[in-house]
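Please read the structure below before turning to the comments.
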Amino acid sequence: MKKLSIIVPCYNEEDVVSLFYQETHKAVTSIPDLDYEFIFIDDGSKDHTLDILRVLSCQDKNCHYLSFSRNFGKEAAMYAGLEQSCGDYCVIMDADLQHPPVLLASMYQALTQEGYDCCAGKRIGREGDGALRGFLSRSFYKIIQNMTHMDMSDGAGDFRMMNRKMVEAILQMKEYNRYTKGIFSFVGFETKWLEFHNVQRAAGTSKWNLGSLFSYAFDGILSFSTAPLKLPGILGAFLLLLSFLLGGLGLAQQIFFHHNMGTLYFVSDIVIFLSSLQMMMIFILGEYLSKDYLENKNRPIYIVREQDSKPAAANVYDITPIRRNAI
Ligand code: UDP
Ligand code: MG
């Protein structure tokens, strides 16, 4: 019998994780001839998420968890989950039920009967995300697609089921600065897209704010494109031409019109503008350098503090789900 590993990164998800387990358990056990395992990754939660995971793993022998020593981020959590998984197929799901468990059956069918290596959910609509976040996300995906020439479209997230071959290819990419959406696209494989309507998280709050989204977007571009490194060259060539033009104009004014009073304000403005451009270029170089610096240190992507086979403390916790928002 084939086995599906369900990988769930969790950060402060005490309000929703047991409801997630119930709904997903229902969906996965309704698929015939399929064994399953849940791998929850507690990404350094500061609430009772870990207590709930301990209880779930006691109640269901197919339910496993690992808990990080601190918050390493969702990217590290997904990597850890894939590394720990032993299923023939793996699916990555958010704990907040924004990735509908009912799609698991169709994803499984795409992999087992339609010959795909991967079946990925593509979210349509951005209800509940806010107009500004929606606009910025759409713009970011357009920019990153153009810069990297890889398929990273808006709505294509981490919710996807993959076969073991694809999982092993992802696990070979051991980079510290992880941008998993780019990694999915980099490794390739035949992917079927399944559209689903965006839903609000069932309970709890999103872990992202505009600042963290900006830095995530920037990291994505730096991880998969070296195009920004070409900017200083392009800008330098443009400025060289401009300087020839301005120099020529100044000379012509002096020779033909005898005007030698330069517009001081204009010139100083240009100097400040050029200095700011130089600073920006140095910043881009610094960002690449810092990424390379971290990669060279070869630090672990995550550190485990506790695992279901080795619980740090026994705890009894009431895991009755709290249903706050509509699913
Ligand atoms: N998450 C995580 N580590 C983090 C932030 C988020 O493991 O540092 C998990 C979170 O618990 C959830 C998933 O990643 O299961 C998606 O997070 P969230 O719902 O906050 O993101 P959004 O849907 O708002 O993009
Ligand atoms: Mg969410």
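At a glance:
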read-out: Calculated FRET efficiency for the pair residue 238/residue 272, C-beta based, R₀ 22 Å, to 0.05; value: 0.80
read-out: Listed residue pairs exceeding 27 Å between alpha carbons, taken from 2/192; 2/46; 46/122; value: 2/46; 46/122
read-out: Cα-based helix-to-principal-axis angle, 210-224 vs the chain, degrees rounded to 10; value: 80 degrees
read-out: Selection of trypsin sites (Lys or Arg not before Pro), the stretch 122-202, meeting DSSP coil and at most 15 other Cβ within 10 Å; value: 174
read-out: Estimated FRET transfer efficiency when R0 is 45 angstrom, pair residue 280-residue 207 (beta carbons, to 0.05); value: 0.95
read-out: Among 228, 191, 240 the positive-end extreme of the charge dipole of the chain (Cβ point charges); value: 240
read-out: Furthest towards positive pole of dipole, 255, 91, 8, structure part the chain, Cβ charges; value: 255
read-out: Candidate lysines for bridging to residue 230, where Cα separation is under 28 Å - those fewer than 8 sequence places away on the same chain excluded; value: 142, 174, 181, 291, 297
read-out: Within the chain, helix-based [θ] at 222 nm, where runs of 4 or more DSSP H residues each add -39,500 (n - 2.57), nearest 500; value: -15000 deg cm²/dmol
read-out: Whole-number percent relative contact order across the chain, with pairs defined as alpha carbons under 8 Å at least 6 apart; value: 25 percent
read-out: At most 15 other Cβ within 10 Å, DSSP loop - trypsin sites (Lys or Arg not before Pro), the stretch 24-97; value: 46, 61, 70
read-out: The stretch 46-118 and the stretch 129-170: distance between their alpha carbon centers, rounded to Å; value: 19 Å
read-out: Förster-model FRET efficiency, 22 Å R0, residue 147 and residue 173, C-beta, rounded to 0.05; value: 0.70
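Each reported figure results from applying straightforward, stated rules to the coordinates on display, with no laboratory input. In this text, all values refer to a predicted model and were calculated from it rather than measured experimentally. Quick reminder, even Gly has a Cβ in these numbers, built from the backbone with ideal geometry, and neighbours come from all protein chains shown.
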